[in-house]
1. Of the residues Leu97, Leu137, Leu89, which is aliphatic (A, V, I, L, M), within 27 Å of Arg172 (Cβ to Cβ) and modelled with pLDDT of 90 or more?
2. Just the residues that are aliphatic (A, V, I, L, M) and part of a strand (DSSP E or B), please, taken from the range 71-101.
3. Go through the range 160-193 and count every residue that is part of a loop (DSSP other than H, G, I, E, B) and either of a type in the set (Lys, Arg) or closer than 20 Å to Ala75 by Cβ (or both).
4. Return the pair list, or none, for Cβ contacts closer than 6 Å from residues in the range 42-56 that are closer than 15 Å to Cys100 by Cα to residues that are of a type outside the set (Val, Ile, Thr) and at pLDDT below 85, at least 6 apart or on different chains.
5. Look through the range 110-131, keep the residues that are over 16 Å from Phe46 (Cβ atoms) and surrounded by 17 or more Cβ atoms within 10 Å (Cβ to Cβ), and return whichever of them is nearest to the chain's Cα centre (by Cα).
6. For the range 103-114, does any single residue satisfy the condition of being in contact with a Gly (Cβ under 9 Å, 6 or more places away or on another chain) and under 17 Å from Gly26 (Cα atoms)?
7. Could you list all residues from the range 134-158 that are assigned by TED's automatic domain parsing to the domain that holds Asp181, surrounded by fewer than 18 Cβ atoms within 10 Å (Cβ to Cβ) and in a strand (DSSP E or B)?
Amino acid sequence: MAFTVRLFLLSSLLLLPTYVLAQTNGSIAVGASLSTAGNSSWLSAFRFQQLENNNLFLLSIWFAKIPDRTIVWYANGDKPAPNGLVVTLTASSGLVLTSCQGEQLWKSNQTVAGVVAHGVMNDTGNFVMEDKKSAKLWEPFKNPTDTMLPGQIMERGGKLSSRNSETDYLRRCFQLDFHDDGNLVFREQRPFYSTATTTGSVPGHEGLQLVFNDSGNFYILRVNGGHYPFTTEELAGRDYYLQSTLIFDGVSA
């Protein structure tokens, strides 16, 4: 099982005018909302993306300064919806996505522990929810869908799931699961690849985090500080745009 990194010669995150949240210096207040029917002019990579050849939208984060504009995170892949979507930042539930009929399609509070005071949009395109002490409560890049970017870390219990096709964001059965015991498993309907980074006979060898660093190295950080590497060639993140995506045929590219 080989893991490779897809490279592009343009590295910048292009911030495009779109439907946006009211904001001041990157801070987004509780109660602010983003709508496909809005008319604001803030520049952001956190946006509603209209899907190709239809009138359905995804809440997504995407890179645009590459030949193929690339969605790197999305919320409602299983429920893309027509124009009229609204996402609201709330204190108790974090981000809440509703349809034009008021149906709740998605919310982030399944992994939010605490009361949200505000959101922060950083330069990478990551949207971070914080409490009143600025402690991080939730962020998309800690909850990846099918893509990891340089600087991202997956904790135990995390997973990547491939989409159905290039234009269909329904999750398929191809998954990369980072188990609670530290083992990384690639599966379709059943496991067919494992790193075997569990405790075994040597305490401390179990996996702690799955890391994709700024140099393009993709590895498991062990409890004892050792690495289980997938890539060896270092490529500076500032010179390239790198991503690792589990694509719909089950390949990590």
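The values are calculated or read from the model by the stated rules, or taken from the named source; none is laboratory data. This is a predicted model, so every value here is computed, not measured. Here the Cβ positions follow ideal geometry from the backbone for every residue, glycine too, while neighbour counts run over all protein chains shown.
1. Numbers: Leu137 fails: within 27 Å of Arg172 (Cβ to Cβ); Leu89 fails: within 27 Å of Arg172 (Cβ to Cβ).
Matching residue, one of Leu97, Leu137, Leu89: Leu97.
2. Within the range 71-101, the subset aliphatic (A, V, I, L, M) is 71-72, 75, 81, 85-87, 89, 91, 95-97.
Hits for the range 71-101 are Ile71, Val72, Ala81, Val86, Val87, Leu89, Leu95, Val96, Leu97.
3. The first filter runs over the range 160-193 and keeps only residues part of a loop (DSSP other than H, G, I, E, B), leaving 164-170, 179-183, 188-190.
Right, trim to either of a type in the set (Lys, Arg) or closer than 20 Å to Ala75 by Cβ (or both) and you get 164-170, 190.
Adding up the residues that qualify gives 8.
4. Listed by first residue and then by second, the contacts come to Phe48/Tyr19.
5. Residues of the range 110-131 that are over 16 Å from Phe46 (Cβ atoms), as a first pass: 110-115, 117, 131.
Now narrow it down to the ones that are surrounded by 17 or more Cβ atoms within 10 Å (Cβ to Cβ): 112, 114, 117.
Details: Val112: 15, Gly114: 21, Ala117: 22 Å.
Filtering first and then ranking leaves Val112.
6. The answer is no; no qualifying residue exists.
7. Selection gives Ile153, Glu155.
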